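In what follows, a structure is listed as structure tokens, so that the remarks can point back to it.
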Amino acid sequence: GFTCAVANEMEAERFQELAKVMKKKNVKLGEDQLSCLVKMVTLHGIPKDLDNYPKDLLLFLSPSDYAATGSCRQYFANIGKANLDVLQRESSQRKQLLLEALACLQISGTYVNEENAEILGRLVCDLGGEYIRSSGGNLMKQLSQCESFLPDQEEAIKSVISSGNTTFGPPVAWSAFTLNELSGLIPVFDHSILQKIPKNALTFWLKNFAHDSPLSREQLATIVEELLPSRHKRADGCPPGKQITEMVLNDDLMPIYYTPEELHACLKNVSLENHLSQILVYPFSIQQLAVLKRHLDETYPDGYPESLLLKLGSLVSFITPEDVAKWKITSADVLAALLKNQPPASQASVIIKRYIGLGNALNATALNAIGTKYVCLLNVTELNMIDSNSLKLASLNPSACSQTTKDILYAKAKRAFSDQHYLPAYYELIEPYLGGAPGVDLRALSKDNVNMKVSTLAKLRRDSLLSLTPSEVQGLLGVNLRDLEKWQNESSIRQWVQMQKQSELDKLHVGLTGGTQEGYINIVTPKFPPPSSASLGTVAMTLHLLPALLTSFLMMSVLS
């Protein structure tokens, strides 16, 4: 719950105490919280006991900042254990950390030994494919902890694994325990690797280790596909011994027992309603899921009952507009269940419109179900149906939506939180909606020590931003003012800078350049519609007379 909006309410020493308690309690903080925290902790200089602060705080410092606490190796050993994903993967900050780490560890080429890989920790996730290839199996342990990979990293991992020149040996010799150690890399493995792994190892891993792996249901389904026969025989009825019983429905390895054809044949006369929620967490392949959907269509030709809509889970991605048109969605809870699996925008839009079309309210439950992911799908009529009070309990961020959407939601949010306008919490509540705020409201906020992020400033309504003076921007940004220089090439910030007098920008002391010099004026070129042929003569005459008009104006100015 820590926010930068309350930063000015505390003294620096008290802030340092707060940060140390955060480490003891292992508090998870986001990028904006950490960025603010580090500014306040270092307000009067870099502390000499940085090891007493959250490790993630070090992501916003440098080895030279850490020098009074320990060596650069120690600094990067801590960075390697920090939550690197706090920083955007392609951010200059994260790239700089990796470059400094390689320099500190004196890694001049692309080979990384096991000891250095251990120190780099999660920074290994940012090493390019050439490092992975050159280092062989030295990086596999750390790579298996990464959230995602770039294409060249994936190709390098597959190349190293396929070669068998690692401590894990070739895939044909792997056991379930090997798979468990490399479980984070399984999504990278393609058919050429998976088909070499012994099937009994894959089955044993699925049965005993899959529950604790970071893999999603969809990723586990790729392993199921490897265990099914490559050629599916047409099933003439359910094969002997494969009848779907209560025991089978309660077995999370059910997907590996049936080809899609067998599953369809064996589901006849089986009611799935009581087990649907349970079996849809099993790693069924796409073909098997399509069979389950087909079975439900055959069971409920006139549309699924509402009780079933709550349990559709991953089957939502197979739903068609024709299916939705048959549904009776009478509560926001059903809408929430349908959108929980994050269907594509086109499907989500059909589901939301069906919900609204049946006369249901866009209350807090419905708005939270729609969320930031789908709020931009609502049209003006639907947005105007939202009761302002519903926003008090909803969590939305319309910053990626159209300006019309942002304007409507800002007005509603302002009304919703008006009773908290003079409390510190007000800014945190209204901040996601500020993309629709008029200049007058932003000027009022500039007096409230809100410590706005520069990323929020850059997303403000263009006319509102351009109406702000440098001192008003300084009031809005507070402790984040120094970040403005890093953003001055972003289009909206650059345009604002160009509209200001350079002398006023200089008073901010953050290195902004490109403002108007004294004695010059900014001329904004108006955009006229293309002239008709009838008016071209008039335009030509005006252009012809322009030098004379300007000369007359200047002469009059001098004489006066």
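Of note:
- So Leu34, is it open to solvent by less than 30 Å² (accessible area, probe 1.4 Å) and either part of a helix (DSSP H, G or I) or closer than 26 Å to Glu100 by Cα (or both): yes
- Condition check for Ser455: surrounded by 12 or more Cβ atoms within 10 Å (Cβ to Cβ), hydroxyl-bearing (Ser, Thr, Tyr) and either farther than 28 Å from Thr404 by Cα or at pLDDT below 95 (or both): yes
- Answer from Gln145, Gln153 - the residue that is assigned to a helix (DSSP H, G or I), among the polar types (S, T, N, Q) and closer than 27 Å to Arg73 by Cβ: Gln153
- Residue in segment 230-245 that is on the phi < 0 side of the Ramachandran plot, outside any helix (DSSP H, G or I), basic (Lys, Arg) and at pLDDT 90 or above present: yes
- Among the residues of segment 51-95, those that are surrounded by fewer than 20 Cβ atoms within 10 Å (Cβ to Cβ), hydroxyl-bearing (Ser, Thr, Tyr) and assigned to a helix (DSSP H, G or I) comprise Ser64, Ser92.
Listed here are the residues, each with its yes/no results for (1) under 27 Å from the mean Cα position of the chain (by Cα); (2) part of a helix (DSSP H, G or I).
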residue: Leu308; (1), (2): no, yes
residue: Val316; (1), (2): yes, yes
residue: Asp323; (1), (2): no, yes
residue: Thr330; (1), (2): no, no
residue: Gln347; (1), (2): yes, yes
residue: Val350; (1), (2): yes, yes
residue: Arg354; (1), (2): no, yes
residue: Asn360; (1), (2): no, no
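- Residue in segment 12-26 that is charged (D, E, K, R), part of a helix (DSSP H, G or I), crowded, with 17+ Cβ neighbours inside 10 Å and modelled with pLDDT under 90 present: no
- Candidate set: segment 1-11, residues that are in contact with a Leu (Cβ under 9 Å, 6 or more places away or on another chain) and surrounded by fewer than 18 Cβ atoms within 10 Å (Cβ to Cβ); chosen: the one nearest to Ile79 (Cα to Cα): Phe2
- Of all residues in segment 362-377, those satisfying the criterion of being within 21 Å of the chain's Cα centre (by Cα) and of a type outside the set (D, E, K, R) are Leu367, Asn368, Ala369, Ile370, Gly371, Thr372, Tyr374, Val375, Cys376, Leu377.
- Selection of segment 55-75 for residues being small (Gly, Ala, Ser) and under 11 Å from Glu100 (Cβ atoms) yields Ser62, Ser64.
- Residue within segment 380-391 that is buried (at least 20 other Cβ atoms within 10 Å of the Cβ), within 28 Å of Ser216 (Cα to Cα) and not acidic (Asp, Glu) present: no
- Residue list for segment 332-345, filter: in a helix (DSSP H, G or I) and either touching a Ser or Thr at 6+ places or on another chain (Cβ under 7 Å) or closer than 20 Å to Glu218 by Cα (or both): Ala332, Asp333, Ala336, Ala337, Leu338, Leu339, Ala345
- Some residue of segment 96-119 being open to solvent by 30 Å² or more (accessible area, probe 1.4 Å), touching a residue at least 60 places away in the same chain (Cβ under 8 Å) and closer than 27 Å to Val27 by Cα: no
- Options Leu29, Leu58, Leu37: the member that is farther than 20 Å from Leu481 by Cβ and more than 21 Å from the chain's Cα centre (by Cα): Leu58
- Within segment 263-306, tally of residues that are open to solvent by 60 Å² or more (accessible area, probe 1.4 Å) and in a helix (DSSP H, G or I): 7
- So Val479, is it open to solvent by less than 50 Å² (accessible area, probe 1.4 Å), in contact (Cβ under 8 Å) with a residue 40 or more places away in the chain, of a type in the set (Val, Ile, Thr) and closer than 20 Å to Lys507 by Cα: yes
- Figure legend. Inter-residue proximity from segment 286-303: first residues within 14 Å of Leu272 (Cα to Cα), second residues surrounded by fewer than 19 Cβ atoms within 10 Å (Cβ to Cβ), beta-carbon distance below 6 Å, spacing 6+ or different chains. Indicated pairs: Lys293/Phe318.
- Of all the criteria given as (1) assigned to a helix (DSSP H, G or I); (2) among the β-branched types (Val, Ile, Thr); (3) open to solvent by 10 Å² or more (accessible area, probe 1.4 Å), the one not satisfied by Thr166 is (1).
- Every listed requirement among (1) at pLDDT 90 or above; (2) assigned to a loop (DSSP other than H, G, I, E, B); (3) of a type in the set (A, V, I, L, M, F, W, C) is met by Leu99 save one, (2).
- Checked against (1) in contact with a Phe, Trp or Tyr (Cβ under 8 Å, 6 or more places away or on another chain); (2) free of Cβ contacts under 8 Å to residues at least 40 places away in the same chain, Phe60 passes all but condition (1).
- Hits in segment 190-210 (condition: in contact (Cβ under 8 Å) with a residue 24 or more places away in the chain, in a helix (DSSP H, G or I) and open to solvent by 30 Å² or more (accessible area, probe 1.4 Å)): His191, Ser192, Lys199, Thr203, Phe204, Lys207, Asn208
- Count of segment 399-418 residues which are among the hydroxyl-bearing types (Ser, Thr, Tyr) and either outside any helix (DSSP H, G or I) or open to solvent by 60 Å² or more (accessible area, probe 1.4 Å) (or both): 3
- For Tyr374, the conditions (1) crowded, with 20+ Cβ neighbours inside 10 Å; (2) of a type in the set (Phe, Trp, Tyr); (3) under 25 Å from Asn341 (Cα atoms) all hold with the exception of (1).
The values are calculated or read from the model by the stated rules, or taken from the named source; none is laboratory data. Worth saying up front: this structure is predicted, and the values here are computed from it rather than measured. Here the Cβ is made from the backbone with ideal geometry for all residues, glycine too, and neighbour counts use every protein chain on show. The area values use the complete protein model at the heavy-atom level, side chains included, leaving out ligands, DNA and RNA. Shrake-Rupley method; radii C 1.70, N 1.55, O 1.52, S 1.80 Å.
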